[in-house]
């Protein structure tokens, strides 16, 4: 019998895949590489994501067994020397199949608690509603002033017929007899323990014998809702506003999710925004740029402001109007408005205007930048 037992064990070991091949890593793979390979396989084949798929469950179990051995230096050294026989108790290998503790369920719980709600077994799934996103585009003026806007959304809302309980009048949910209210069940398969969502209660921990006819026992129904959204002054593209509890209603009275408003500020025909500062370009008559004067400049407030242009102003010069920019979101500070001047060259001159400009030109040079540029060019030519 002993020989026969060894034979059966040897055949089983021969049929098992190499642990390195299972994880898809080389024999000199370090701990980080092992962990990454296992995480990828485990996430793809976890039983909760592949219910009823025996092949995926087998791949998950196989990957977990391989990782449990290879992540332990002592077990890995033994495996490298003896292969699978190192963990055959009858052949003198590690006892208990080479796995200490609770098997691969414990391994996976430690690494991927998001599948099961945290470390340890017997957890009820969160029945809270999902968070929702709503994209809103506002004008730059609305971003400057702030805005109160009504939006319409269709969301799962609490069922009025059963007040969100999922049960018909007079009926009450009862503790699930399959999972004992835990929402999850654990099955022992050899030295593996597989934990899954309870199929009887769908992870809720409770069952309803007489479900509400309006919502089918879910405790929520689709409903159109109108919400008033307050957009504060100073918002910018990418600003996110949270409306607590305005997302999806929870299942069977669970907490509602949140609604997130994602703001986009539309481009403006005059102003360009950079942080809290506003930039604009404005044409200025040549005479104003030459002699200096005051001009009127539009502002984001919807009013005109006076700006002094100094005599001799050149195209491209920028003037700063302090406090005429965007308000800082919830901070009270205000940015500036930067005005860039572009000097206009007059066109369609009258005969008299041409004569005056000709006389101006003949009266002597008054363009220091042009003159200095020509002088620099002449010096370059003379030196070459």
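The values are calculated or read from the model by the stated rules, or taken from the named source; none is laboratory data. Computed from a predicted model, the values in this text were never measured in an experiment. FYI the Cβ positions are ideal-geometry reconstructions off the backbone, even for glycines, and counts take in every protein chain you see.
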Checklist (1) out of contact with any helix residue (DSSP H, G or I) (no Cβ under 8 Å at 6 or more places or on another chain); (2) outside any loop (DSSP other than H, G, I, E, B) applied to residue 341, failing item: (1)
Residue match in region 257-271 (condition: closer than 30 Å to residue 164 by Cβ and part of a loop (DSSP other than H, G, I, E, B)): yes
Region 215-229, residues that are exposed (fewer than 14 other Cβ atoms within 10 Å of the Cβ) and either under 30 Å from residue 264 (Cα atoms) or modelled with pLDDT of 85 or more (or both): 222, 224, 225, 226, 228
Subset of region 300-318 [part of a loop (DSSP other than H, G, I, E, B) and in contact (Cβ under 8 Å) with a residue 24 or more places away in the chain]: 300, 301, 302, 313, 314, 315, 316, 317
Which listed residue, of 211, 232, is surrounded by fewer than 16 Cβ atoms within 10 Å (Cβ to Cβ) and out of contact with any helix residue (DSSP H, G or I) (no Cβ under 8 Å at 6 or more places or on another chain): 232
Counted residues, region 183-194 - those being farther than 16 Å from residue 251 by Cα and modelled with pLDDT of 75 or more: 3
Residue count for region 273-299, restricted to those that are closer than 16 Å to residue 139 by Cα and free of Cβ contacts under 8 Å to residues at least 12 places away in the same chain: 1
Flag if residue 181 is in contact with a strand residue (DSSP E or B) (Cβ under 6 Å, 6 or more places away or on another chain), touching a residue at least 40 places away in the same chain (Cβ under 8 Å) and buried (at least 16 other Cβ atoms within 10 Å of the Cβ): yes
Matching strands (runs of 3 or more DSSP E) fully within region 178-253 where at least 2 residues are closer than 27 Å to residue 161 by Cα: 220-231
Failed item in (1) closer than 30 Å to residue 230 by Cβ; (2) in contact with a strand residue (DSSP E or B) (Cβ under 8 Å, 6 or more places away or on another chain), with residue 303 passing the rest: (2)
Single unsatisfied condition, residue 71 versus (1) surrounded by fewer than 18 Cβ atoms within 10 Å (Cβ to Cβ); (2) modelled with pLDDT under 85; (3) on the phi < 0 side of the Ramachandran plot: (2)
Among (1) modelled with pLDDT of 95 or more; (2) farther than 30 Å from residue 236 by Cβ, the one test that residue 253 misses: (1)
